[in-house]
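J.: Next up is a structure, given as structure tokens.
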Amino acid sequence: MYKKHLGFAFNIIALGLFFPGILLTMFSLKMDMAASISGSSLTSTLVNKELSIMATVQELWNDQRLLVAALIFLFSVCIPLLKSVLVTFSYFTKNQKTESRLLRFVASIGKWSMADVFVVAIFLAILSTNHADTASNQQFSIFGFKIALDMSTQTFSAAGEGFYYFTAYCLLALIGSQFSLSYLRSKEIKSR
């Protein structure tokens, strides 16, 4: 019986981490460009963004990238919420058949919930661009004057609070689901 309670407890804690995970900044990205012509330089910020999962979905939606926005929303918001609601409902239901069906359904969509982890992996890949530098040096001559043109870009990225909340949510929800399923299996073995 303790597995049922542990599964529920992990599910509730995970749900508490879920909302900050999707609403707080998942990552920040800044890209600067610098150009130098014979000693004179110009620096400009090309990109300076802090995005959460929900802000990313909204931005993709506004940019008419509807499929990508819908997929991120489905796999990072809808399916995790559905799983949490069903695990919570199964905890409080008195009907063993209903409880079994709900937990089996959660197990069947569990592989789809791995998309949460995929989203975290994508954000990690973005973060791996930290301090990526590109530089180009060109020299050319105009009317006998030699001009040196140096252009470079720098990309900085960092994980935000939302990244850590969402990662913790993914791990705790997975642990909670495993405890609930383990409880169900042990209950079925005892009833045989």
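J.: Would you list, by chain and number, the lysines whose Cα falls below 16 Å from the Cα of LYS187, excluding same-chain residues fewer than 8 positions away?
T.: LYS3, LYS4, LYS94, LYS97
J.: Please give the helix 79-92 orientation as an angle from the longest Cα principal axis of the chain, in degrees from 0 to 90, rounded to the nearest 10.
T.: So the helix axis and the longest Cα principal axis differ by about 20 degrees.
J.: What nm distance separates the two modelled labels at ARG101 and PHE145, each placed 7 Å from Cα along Cα→Cβ?
T.: Calculated label separation equals 8.2 nm.
J.: Could you please report the charge total around ALA70, scoring K, R as +1 and D, E as -1 over all other residues with beta-carbon less than 15 angstrom from its beta-carbon? The partial results should precede the final answer.
T.: Working: positive: ARG65; negative: GLU59, ASP63.
Neighbour charge sum, excluding ALA70 itself: -1.
J.: Now for a separate question. So what's the stretch 3-70 giving for Cα Rg divided by 2.2 N^0.38 Å, two decimals? Before the final figure, lay out the partial values.
T.: Working: Rg = 20.2 Å, N = 68, 2.2 N^0.38 = 10.9 Å.
So the stretch 3-70 has a normalised radius of gyration of 1.84.
J.: May I ask for the angle, rounded to the nearest 10°, between helix 2-23 and the longest principal axis of the chain, with both axes built from Cα atoms and the value confined to 0 to 90°?
T.: 30 degrees
J.: Shifting gears a bit: Compute the angle between helix 96-127 and the longest alpha-carbon principal axis of the chain, please, reported from 0 to 90 degrees and rounded to the nearest 10.
T.: 10 degrees
J.: I need the Debye-formula profile for the chain: one equal scatterer per C-alpha, no solvent, reported as log10 I(q)/I(0) at q = 0.11, 0.13, 0.18, 0.19 1/Å, two decimals.
T.: Debye curve over Cα of the chain, log10 I(q)/I(0) at q = 0.11, 0.13, 0.18, 0.19 Å⁻¹: -0.62, -0.76, -1.11, -1.18.
Read-outs: derived from the displayed coordinates by stated rules, not from any lab. Note that the structure is predicted; figures quoted are calculated from it, not measured. Using ideal geometry, Cβ is built from the backbone for each residue, glycine included, and neighbour counts are taken over all protein chains shown.
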